[in-house]
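Throughout, read-outs are computed from the coordinates displayed, never taken from laboratory work. Note that the structure is a prediction, hence the values are computed from the model and not measured. Every residue, glycine among them, receives a Cβ derived from its backbone with ideal geometry; neighbour counts consider all protein chains shown.
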Amino acid sequence: MNNREDLRKAIDEFVASDDKSILVMGTHQYGKHKSVMAWLNQFRPGSKVLFVINKMDHITDSEFIGLRRQPKIGEPVKFHENIYEFSNFNLISRTHFQYDYAIVYPIDALVRQKDTKVFEVLQRMRIGKIFYITWTDIKTYDFSVLDPYIQRRAYYDIEEENPEVHKRVLKICDGLR
């Protein structure tokens, strides 16, 4: 069904594997990255996490992260049980190069533009596991551009939690053909 529990199991399997990165897709636009963060808080407290976001302004938006203030790029921030450093797509080089985990969200613009620079930089860094996460899965986007950088895929749809939002997101994904 691609629900929250399915994603949780996929994360368990991914973290236990030798794979370095996973692509998380699905209709739960704001739930995918938050579920990954919740998993890290619960099962990997004390981790150092790099969160790469399209716009630093989104960090204070509750749908994205919900911090009270926007940190500087690379500034360590205790958030729940882990230490996060934030960066945008253009300034990853201003962060440290060693992390337990990285979350890259939303990757849609990178895929649409076939811009692989962020993926290449992250591959060169010392990061235990990387979560690449979409916002919407537009049907015309060529996600094969990510094939060299991902070993697994997981899905999290909002269908069980909110069928109307699920249908609306599917229309968005289909309507932008």
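Side notes on the structure shown:
- Top positive-direction residue, dipole computed over region 1-114 with Cβ charges, set 64, 17, 82: 64
- With the helix formula -39500 (n - 2.57) applied to DSSP H stretches of n ≥ 4, the chain reaches a computed 222 nm mean residue ellipticity of -8500 deg cm²/dmol.
- For GluC sites (Glu not before Pro), the sites in region 47-127 that DSSP calls loop and that have at most 16 other Cβ atoms within 10 Å are 63, 81.
- Proximal aspartates and glutamates to residue 129, defined as alpha-carbon separation beneath 13 angstrom and excluding residues fewer than eight positions away on the same chain: 12, 13, 18, 19, 100
- Dipole magnitude of the chain, debye to nearest 20 (Cβ charges: Lys/Arg +1, Asp/Glu -1, about Cα centre): 520
- The local environment of residue 62, defined by Cβ-Cβ distances under 14 Å, has a net charge of 0 under the rule Lys, Arg +1 and Asp, Glu -1.
- Loop-resident trypsin sites (Lys or Arg not before Pro) (DSSP state other than H, G, I, E or B) in region 7-63 with no more than 13 further Cβ atoms inside 10 Å of their Cβ: 55.
- In the elastic network of the chain, a GNM with C-alpha springs shorter than 10 Å, the most mobile of 69, 112, 153 is 69.
- Looking at the chain, the pairs of alpha carbons with a distance over 27 Å make up 20% of the total.
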